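Engineer: Just passing along the structure, written as C-alpha cells.
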Number of protein chains: 2
Amino acid sequence: MNTIIKVGISGYGNLGKGVHQAIAQNPDMELVAIFTRRDPQQLETPPGIHFEHISAAGQYIGRIDVMILCGGSATDLPEQTPQLAEMFNTVDSFDTHAKIPEFFQSVHQAALAGGRLSVISTGWDPGLFSMNRLLMEAVLPEGQEYTFWGPGVSQGHSDAIRRVPGVKAGVQYTVPVQTVIDGIRAGDTPKLETRQKHRRECFVVAQEDADREQIREAIVNMPNYFADYDTTVTFITQEQLDAEHSGMPHGGFVIRSGASGNGNKQIAEFGLKLESNPEFTASVLVAYARAAFRLSQEGQQGAKTVFDIPLGYLSPKPAEELRRELL
Amino acid sequence: MNTIIKVGISGYGNLGKGVHQAIAQNPDMELVAIFTRRDPQQLETPPGIHFEHISAAGQYIGRIDVMILCGGSATDLPEQTPQLAEMFNTVDSFDTHAKIPEFFQSVHQAALAGGRLSVISTGWDPGLFSMNRLLMEAVLPEGQEYTFWGPGVSQGHSDAIRRVPGVKAGVQYTVPVQTVIDGIRAGDTPKLETRQKHRRECFVVAQEDADREQIREAIVNMPNYFADYDTTVTFITQEQLDAEHSGMPHGGFVIRSGASGNGNKQIAEFGLKLESNPEFTASVLVAYARAAFRLSQEGQQGAKTVFDIPLGYLSPKPAEELRRELL
C-alpha cells in the first residue's frame, strides 16, 4: 500500500485509547490528532500525540481522511456523528439498537450534505454479530437464531448497581447459560425466555454502615436491569474489586440452527472471547475506517452499515492477493 | 420482494439436488430448468421439474436470471463456468484453491464479454471460511489464524482409498485434533505441522481374498493423501458401511487468536457443524445467486468473489428492514 490513511480520533476514553493503539498495528494508517471536549492543556496525555479541542475540528477538513468517533451512544454520538459527518468521512460504534433507523437517517443526510461517507454502528454488536446474523439467515432461511453475550462486564448494568443506595462500587457480569448453549450446539432449537439465556452476577462493595440484604433486594428486583434474570450478588472489598475486577472482558456467540433439504441439521456459530472489549471494538472501527476511506475515494457518499460494505475493503491487501491467499 | 429470480441449475449430482431443495426454501426464487450432460430422457427425475440437455442452455438466454453451476472443480467447472458465464449470470463453488487466480481471470473475461456477472468459488471453504479469514485478519492484524476441517467425509480421500487394490468400498473422515483446538481456544498460538492439526480415519470394505495388512500399508503410506497424517484404517462390512457411513457430514472452524493494545488476547471463531455438506454448500450458492442477480441488475459485470459482495445483497429483505431487525 502506498497511500497512508490519515485518521482523527474524537473522544479519548477507553474506546479512543483502543483506537489509538489499533492504528499503531496498521502500517497504512497515521494518527493526525485526537479531539476531546476537555481542555487539551489539562489532560495527562502520552507524548508524541497531537491533542485538540473538539471545537477545532473544522480546521482539519482536508487534512483528515477518516474521523473515528469514540463517544457514547446515549448522548455523544447522536449529536457528534451528524455534526462531524458533514466535515469528514466517519466511523462510529452507535449501539442503541432501537434507535439505529433514525440515527442512520440523520447521519445519512449530514454525510450527503458534505459529500462524505459515514459507517455507522460498527464494532461487534452491532457489527460482526449483526453480519453473522444476516449471513446465517440468508444461507439458512429455515432455522432459529440465538445471540448470547458474555461472559463479560456490562457497563450499563454496572452503572445501575452503583446507583443503589449503600453501594460504594460494583461491577456486573453478564453470563450466558452454558447448558442452554450446549443444547443448541447439539441441535436443540428451544424457545427461550430472557431468564433462560443469561445470568447476571454482581460484585458489590457496600458502604460500611449499609444493610447488605437491602442492597441485594434492591438489585435483584430492579426492573429492566435485573428483575427478569437470575441475579446473584456477592459482597467483596474494594481491594478485591480493584485486584480481580478491573479488566473489561466480554464476548459471546451468534448461533443459527437451521435445516436444509429433507431436514438435515446445519449449525453455524460465530463467537468472540475478548480480554478487552473496548480494544476489540476499536480494532473493528479501524478496519472500517479503511473501508470508509476507500469507498469515499471511489465517490460513494452517505451513511453505510456493515451490511453495505464488501469485506475486501477492510483489508490493506489488494484483491488479487486476497483471492490467492485467503479465498 | 416482488421480483422473482429465475434460476437454472447445471449439473444434477448431490450439489445440484441440494440447490434444487434450497431454492424451495426461498420464496423469491423459481427454478426454470435443470441442465445435465446426460440424456434427460434416461434420467430418473422427480416430477414437476423441467430437465434439459446442457447443449440446450443457449435457448434459455434471457429466460434465466442466474445459472447455478454444480459441476466438479477438477474438470467440469474450468470448462463450464467460462462457457456459461458468457450467456448467464452464474454462481459456482470452484474449490481448487491453488487455481483460483487463473480461474478468476478466465471467468472474468467471459463474463465481461457477455455483459454478465459471475460469483466464483463460493460455498463454505472457499466461501464463508474465507470471509472469516479475511474479516478476522483485518480486525486483528497481529495474530495467528487456524483453519480446521471436519469431522467430515472427504470425497477426494475416499476416492483415493477406493483406488487401492483389494478395496471394494470405503470412506474417509477428516478429524481435527481436539486437544489442539482446545489449546487455541484457551489462548495458545502454536506453530502446527500438518500431522498435528488433523487425523484421518478410514473405514474400508475389503474384497474377500484381499490382504488387509497390505491394504492398510498402502493407505497409510500414500503420498499427498495420507503419509503426512496419523491415519487409522478400520475394516468393516458392506452392510456396516451402508448403515453407518452413508451420510455426508462435514464442518470445521476458522479461529484467529490475536492481540490488541498492550497484549490483550482477542479470540474470534467461526464454526460449522453440517449434517449434509452438499446441501449446505448448495444453500450458500443460492444466497449468492440472489446477490449475483441484484448486482447484475445494478449494471455490475465480470467475476466477483465473496470478498467483493456486500452482505446485504444476500438477503431478500430490504436494507431498512435489515438495519432495524438484524443490525
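The values are calculated or read from the model by the stated rules, or taken from the named source; none is laboratory data. As the structure is a computational prediction, the values presented were derived from the model and not from experiment. Cβ: placed from backbone, ideal geometry, glycine included. Neighbour counts: every protein chain shown.
Engineer: Does A:A22 meet the test of being within 14 Å of another protein chain (Cβ to nearest Cβ) and either part of a helix (DSSP H, G or I) or aromatic (F, W, Y) (or both)?
Structural biologist: Answer is yes for this residue.
Engineer: Now for a separate question. Search the stretch A:76-92 for residues being away from chain B (no Cβ under 14 Å) and under 16 Å from the mean Cα position of the chain (by Cα), and hand back the single one that is farthest from A:K304 (Cα to Cα).
Structural biologist: Result: A:D76.
Engineer: Further question: Within the stretch A:144-165, count every residue that is closer than 26 Å to A:N264 by Cβ and in a loop (DSSP other than H, G, I, E, B).
Structural biologist: Qualifying residue count for the region: 0.
Engineer: Out of A:F307, A:F270, A:F293, A:F253, report the one residue that is at pLDDT 95 or above, over 24 Å from B:D125 (Cα atoms) and among the aromatic types (F, W, Y).
Structural biologist: After applying the criteria, what remains is A:F293.
Engineer: Report whether or not B:I219 is assigned to a helix (DSSP H, G or I), touching a helix residue (DSSP H, G or I) at 6+ places or on another chain (Cβ under 7 Å), more than 30 Å from A:L274 (Cα to Cα) and among the β-branched types (V, I, T).
Structural biologist: Yes.
Engineer: Also: For the stretch A:269-327, give me each residue that is free of Cβ contacts under 8 Å to residues at least 24 places away in the same chain and within 21 Å of A:I100 (Cα to Cα).
Structural biologist: A:D308, A:P310
Engineer: Something else: Take the residues in the stretch A:126-171 that are in contact with a Lys or Arg (Cβ under 7 Å, 6 or more places away or on another chain) and farther than 30 Å from B:V19 by Cβ; name whichever of them is modelled with the lowest pLDDT.
Structural biologist: If we take residues in the stretch A:126-171 being in contact with a Lys or Arg (Cβ under 7 Å, 6 or more places away or on another chain) and farther than 30 Å from B:V19 by Cβ, then A:H157 is modelled with the lowest pLDDT.
Engineer: Would you pick out the residues in the stretch B:304-327 that are basic (K, R) and crowded, with 24+ Cβ neighbours inside 10 Å?
Structural biologist: B:K304, B:R323
Engineer: Residues in the stretch A:198-205: is at least one in a strand (DSSP E or B) and over 17 Å from A:G152 (Cα atoms)?
Structural biologist: Yes, the stretch A:198-205 contains at least one residue that is in a strand (DSSP E or B) and over 17 Å from A:G152 (Cα atoms).
Engineer: Looking at the stretch B:304-324 only, could you name the residues that are more than 8 Å from chain A (Cβ to nearest Cβ) and farther than 22 Å from B:F88 by Cβ?
Structural biologist: B:K317, B:P318, B:E321
Engineer: Of the residues B:V153, B:V139, B:V171, which is closer than 24 Å to B:P249 by Cα and more than 15 Å from the chain's Cα centre (by Cα)?
Structural biologist: B:V171
Engineer: Scan B:L15, B:L31 and give me the residue that is in contact (Cβ under 8 Å) with a residue 12 or more places away in the chain and in a helix (DSSP H, G or I).
Structural biologist: Result: B:L15 is the single residue among B:L15, B:L31 that is in contact (Cβ under 8 Å) with a residue 12 or more places away in the chain and in a helix (DSSP H, G or I).
Engineer: A further question on this structure: Being assigned by the TED database to the domain that holds B:A110 and at pLDDT below 95 is the requirement here; does B:L69 meet it?
Structural biologist: No: the conditions fail for B:L69.
Engineer: Still on this structure: Quick check on the stretch A:40-92: of everything there that is β-branched (V, I, T) and without any contact (Cβ under 8 Å) to a residue 40 or more places away in the chain, which residue is surrounded by the fewest Cβ atoms within 10 Å (Cβ to Cβ)?
Structural biologist: Looking at the filtered set, the residue picked out is A:T75.
Engineer: Further, regarding this structure: Of all residues in the stretch B:181-204 being without any contact (Cβ under 8 Å) to a residue 40 or more places away in the chain and either touching a Phe, Trp or Tyr at 6+ places or on another chain (Cβ under 8 Å) or closer than 16 Å to B:G251 by Cβ (or both), which is surrounded by the fewest Cβ atoms within 10 Å (Cβ to Cβ)?
Structural biologist: B:T194
Engineer: Yes or no: A:Q41 more than 15 Å from A:A110 (Cα to Cα) and modelled with pLDDT under 95?
Structural biologist: It is true that A:Q41 is more than 15 Å from A:A110 (Cα to Cα) and modelled with pLDDT under 95.
Engineer: Looking at B:N224, B:N262, which is the one that is within 11 Å of another protein chain (Cβ to nearest Cβ), modelled with pLDDT under 95 and surrounded by fewer than 16 Cβ atoms within 10 Å (Cβ to Cβ)?
Structural biologist: When all the criteria are applied, what remains is B:N262.
Engineer: Determine which single condition A:R256 fails, assuming it passes every other condition in (1) over 24 Å from A:Y12 (Cα atoms); (2) at the interface with another protein chain (Cβ under 9 Å from one of its Cβ atoms); (3) surrounded by 22 or more Cβ atoms within 10 Å (Cβ to Cβ).
Structural biologist: (2)
Engineer: What is the one condition in (1) farther than 22 Å from B:K265 by Cβ; (2) more than 7 Å from chain B (Cβ to nearest Cβ); (3) surrounded by 22 or more Cβ atoms within 10 Å (Cβ to Cβ); (4) in contact with a Gly (Cβ under 8 Å, 6 or more places away or on another chain) that A:Q301 does not satisfy?
Structural biologist: The failed condition is (3).
Engineer: Looking only at the stretch A:166-197, which residues are over 21 Å from A:A268 (Cβ atoms) and outside any helix (DSSP H, G or I)?
Structural biologist: A:G166, A:V167, A:K168, A:A169, A:G170, A:V171, A:Q172, A:Y173, A:T174, A:V175, A:E193
Engineer: Within the stretch A:93-103, restricting attention to residues that are in contact with a helix residue (DSSP H, G or I) (Cβ under 6 Å, 6 or more places away or on another chain) and crowded, with 18+ Cβ neighbours inside 10 Å, which residue is farthest from the other protein chains (Cβ to nearest Cβ)?
Structural biologist: Restricting to residues being in contact with a helix residue (DSSP H, G or I) (Cβ under 6 Å, 6 or more places away or on another chain) and crowded, with 18+ Cβ neighbours inside 10 Å, the top hit is A:S93.
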